[in-house]
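The values are calculated or read from the model by the stated rules, or taken from the named source; none is laboratory data. Quick caveat: nothing in here was measured; it's all calculated off a predicted structure. Glycine gets a Cβ as well: all are built from the backbone with ideal geometry, and neighbour counts include every protein chain shown. In case anyone asks, the SASA skips ligands and DNA or RNA and just uses the protein heavy atoms, side chains included. Shrake-Rupley method; radii C 1.70, N 1.55, O 1.52, S 1.80 Å.
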Amino acid sequence: LGKTLASFLHRRYTGNTIFIPKGRKERSMELRPYQPQDLDAILELFYETVHAVNRRDYSPSQLDAWAPKQPDRDRWAQSLAAHYTVVAVAGGTVAGFADLASDGYFDRLFVHKDFQRQGIATALAGWIEGKARELSLPSVCTEASITARPFFEKRGYRVVQEQRKPHNGQVFVNFVME
């Protein structure tokens, strides 16, 4: 079901508006390619989301190392521009983003802390997986955080390896999944 849904979302909604039920109200969301003017919103979303959503699985010092207050803007801009990056916009707000490297590495998937559990991650992942199929990539692989692992498992990804990865002076447990 996960791959079927991903295919449907990619075919039907790439660059279009998606209506996501939110209780009895519907919220519209647009998936569109990354634009350089999205950088500030993405960096803010990343910082706030990591520090709010991932705090149950990582220590404060790990969160600061993962998402510092002063990120390397040039590195982020280059990475987002070099990858296939999709942005979810809801109500004029950048609600999430995801990116895929040309080798099939599903690099990032983050949804704004105020837009969690609304189907945005599913739509973004569907777009990324559809792009991988469009590019005829043999597989998609990611390094999922402890927090993200259940989401990817529900989509049919499996853990290939648990790893302890050093980053900015901290060691992080995450999972190579495909």
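Data for the structure
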| quantity | calculated |
| --- | --- |
| Cα-centred dipole magnitude for the range 50-138, charges only on beta-carbon of K, R (+1) and D, E (-1), debye, nearest 20 | 280 |
| Residue pairs, from the table LYS131/LYS154; LYS113/LYS165; LYS69/LYS131, whose Cα atoms sit over 26 Å apart | LYS69/LYS131 |
| Intensity falloff of the range 68-178 expressed as log10 I(q)/I(0), Debye formula with alpha-carbon point scatterers, at q = 0.09, 0.13, 0.19 Å⁻¹ | -0.24, -0.52, -1.15 |
| Solvent-accessible area, 1.4 Å probe, carbon plus sulfur percent, for the range 110-149 | 48 |
| For the range 29-178, size of Cβ-based charge dipole, Lys and Arg +1, Asp and Glu -1, in debye | 380 |
| Cβ crowding within 10 Å averaged over residues, with 119-129, 90-100, 159-169 ranked highest first | 119-129, 90-100, 159-169 |
